[in-house]
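Encoded as structure tokens, the structure appears first; notes follow it.
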Amino acid sequence: MLGSFKNVLRRILRVFNKKKIIQLGFYGPVNAGKTTLANKIAKDWLGKELGNVSEIPHETRQVQKIENVEVSTGSGKLSMNIVDMPGIATQVDYKRFMGFGMDDEEAKTRAKEATKGVIEAIKWLDNVDAVLVVMDSTVDPYTQVNVTIIGNLEARGIPMIIIANKIDIKGSKPDAIESAFPQHLVVPISAATGKNLDELYKAIENYLT
């Protein structure tokens, strides 16, 4: 309840803040492309990337932040602090990491760090103004993780846009994400290629600021 009140108060205060820098959290399940998207935006507008990307689950295990990203939307400037969160998971099984060549000790260490990262990401909801929920459009969107993320954001009253990522990959189905969560705006993009990022910037400007 306190977190929800703080978010409402923060958004009210932003109305009177002429600078309007939005604290934007990137949330979503593991390997949906959150860091790839954060890197693409940061590289395009600041000339540097935010974090490492890997096919191994839970590559991002700590909150990563880059401030004062100023993006041109065509109708003006959008100023953001990008907060890239560890991937959300309902459970972290260390055996999964062993399939990527890690030994028992390495896998258990990574699982411990990943679990800590999930908890940290959830706590950070008290510190963001709005959220991009990044989903992989090549897989079934109606999962426990996605439903939990959306439900938590709705309960807290945090504004969000759902990102249907990986539309550059054959077999992607952004329409499936729209059908699963029809109550929210869904923007199809490719974080890898930058396709439709201009549409995303306009959506952030129109719906989240």
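The values are calculated or read from the model by the stated rules, or taken from the named source; none is laboratory data. The structure displayed is predicted, hence computed values, not measured ones. Neighbour counts are summed over all protein chains in view; Cβ atoms, including those assigned to glycine, are modelled from backbone coordinates with ideal geometry.
If Glu120 passes every condition in (1) out of contact with any Phe, Trp or Tyr (no Cβ under 9 Å at 6 or more places or on another chain); (2) over 21 Å from Gly25 (Cβ atoms) but one, which one does it miss?
(2)
Can you say whether Val69 is at pLDDT 80 or above and touching a Pro at 6+ places or on another chain (Cβ under 8 Å), as far as the supplied structure shows?
no
Please go through (1) part of a loop (DSSP other than H, G, I, E, B); (2) in contact with a helix residue (DSSP H, G or I) (Cβ under 9 Å, 6 or more places away or on another chain); (3) farther than 25 Å from Asn81 by Cβ; (4) not basic (Lys, Arg) for Gly171 and return the number of the only condition it doesn't satisfy.
With (1) part of a loop (DSSP other than H, G, I, E, B); (2) in contact with a helix residue (DSSP H, G or I) (Cβ under 9 Å, 6 or more places away or on another chain); (3) farther than 25 Å from Asn81 by Cβ; (4) not basic (Lys, Arg) applied to Gly171, the lone miss is (2).
Is it the case, given these coordinates, that Ile149 is more than 21 Å from Ile119 (Cα to Cα) and either under 14 Å from the mean Cα position of the chain (by Cα) or not in a loop (DSSP other than H, G, I, E, B) (or both)?
Values: more than 21 Å from Ile119 (Cα to Cα): no; either under 14 Å from the mean Cα position of the chain (by Cα) or not in a loop (DSSP other than H, G, I, E, B) (or both): yes.
For Ile149, the condition - more than 21 Å from Ile119 (Cα to Cα) and either under 14 Å from the mean Cα position of the chain (by Cα) or not in a loop (DSSP other than H, G, I, E, B) (or both) - is not met.
Being in contact with an Asp or Glu (Cβ under 6 Å, 6 or more places away or on another chain) and of a type outside the set (A, V, I, L, M, F, W, C) narrows it down to one of Lys166, Lys116, Lys123, so name that one.
Numbers: Lys116 fails: in contact with an Asp or Glu (Cβ under 6 Å, 6 or more places away or on another chain); Lys123 fails: in contact with an Asp or Glu (Cβ under 6 Å, 6 or more places away or on another chain).
Result of the check over Lys166, Lys116, Lys123: Lys166.
Given Ala176, Ala203, which one is in contact with a strand residue (DSSP E or B) (Cβ under 6 Å, 6 or more places away or on another chain), without any contact (Cβ under 8 Å) to a residue 60 or more places away in the chain and hydrophobic (A, V, I, L, M, F, W, C)?
Sole residue among the options that is in contact with a strand residue (DSSP E or B) (Cβ under 6 Å, 6 or more places away or on another chain), without any contact (Cβ under 8 Å) to a residue 60 or more places away in the chain and hydrophobic (A, V, I, L, M, F, W, C): Ala203.
Could you check region 97-137 and list, in sequence order, the residues that are within 30 Å of Thr209 (Cα to Cα) and assigned to a helix (DSSP H, G or I)?
The answer is Gly117, Val118, Ile119, Glu120, Ala121, Ile122, Lys123, Trp124, Leu125, Asp126, Asn127.
Would you point out the residue of region 72-90, among those that are at pLDDT below 85 and either touching a Cys at 6+ places or on another chain (Cβ under 9 Å) or aliphatic (A, V, I, L, M) (or both), that is surrounded by the most Cβ atoms within 10 Å (Cβ to Cβ)?
Ile88
Please work out which one of (1) outside any loop (DSSP other than H, G, I, E, B); (2) in contact with a strand residue (DSSP E or B) (Cβ under 8 Å, 6 or more places away or on another chain) is the condition Ala191 fails and give its number.
(1)
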